[in-house]
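The values are calculated or read from the model by the stated rules, or taken from the named source; none is laboratory data. Note that this is a predicted model, so its numbers are computed, not measured. Cβ sites come from the backbone with ideal geometry, for glycine too, and all protein chains shown count toward neighbours. These accessible areas exclude ligands, DNA and RNA; they are computed on the full protein's heavy atoms, side chains included. Shrake-Rupley method; radii C 1.70, N 1.55, O 1.52, S 1.80 Å.
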Amino acid sequence: IGQAGSDAYRVFQDLCAFANGAHLEFLRIKSVSLTFVMELIDGILQNSEEVFQHHPEQVEACRVYLMPAIMKILSAKQSFALNVRALRILSVLLARHARQMLDESDAAFSLINRGLDPNSAPVWKRVLYIEFLHRICSDSKLLRQLFSLFDQQDDRSSIVSSLMAAFVRIASEKP
């Protein structure tokens, strides 16, 4: 890759590392909000699918830095805006790169499944999780891929089965 590609990689890796709690090194920006960084990452992921297909090092930066950041955001008491962005990014990563992030995907689904318990999260967060699951289940290709990557493997969690069980639990709850 050329200088521009190298700089793009370093910027993206810097943003992902910052989302995970590290300091910006390449960008050298003194002050930036995590919400803004997550919005930038979301925009990059949404609009640069081809780059990620041809540069596995970008996907690796997502796996190493971004997935742990998403897990931290979703498991902590963060703002609504930050949770929305984290779940949007997670849905893009799962739709495009679940195969490269098996362990991280499994952990994310487990966290979301636990968060659907009525006593485990605020109502607004549960609603965000349900919307996230709706996005996942609306993509039949992704659902089939998740089933083959997880449910059909003996050494993996049954993600799709857990999703269906979660929907049954939610549907049987009293409003």
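Summary table below
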{"item": "Those GluC sites (Glu not before Pro) in segment 22-53 that DSSP places in a loop and that have at most 13 other beta carbons within 10 Å", "result": "Glu25"}
{"item": "Rounded to whole Hz, the Karplus (6.51, -1.76, 1.60) HN-Hα couplings of segment 129-145, x for glycine and proline", "result": "5, 5, 4, 4, 5, 4, 4, 5, 6, 6, 9, 4, 5, 5, 4, 5, 5"}
{"item": "Sparsely packed trypsin sites (Lys or Arg not before Pro) within segment 63-102, loop by DSSP, other Cβ within 10 Å at most 11", "result": "Lys77"}
{"item": "For the chain: accessible area per residue (Å², 1.4 Å)", "result": "55 Å²"}
{"item": "Whichever lysines have a C-alpha closer than 29 Å to that of Lys174, once near sequence neighbours (fewer than 8 apart) are set aside", "result": "Lys77, Lys125"}
{"item": "Within the accessible area of segment 22-87 (1.4 Å probe), percent carbon and sulfur", "result": "54 percent"}
{"item": "Estimated FRET transfer efficiency when R0 is 41 angstrom, pair Phe167-Phe36 (beta carbons, to 0.05)", "result": "0.75"}
{"item": "Under 15 Å from Lys30, Cα to Cα: aspartates and glutamates that are on another chain or at least 8 residues apart", "result": "Asp14"}
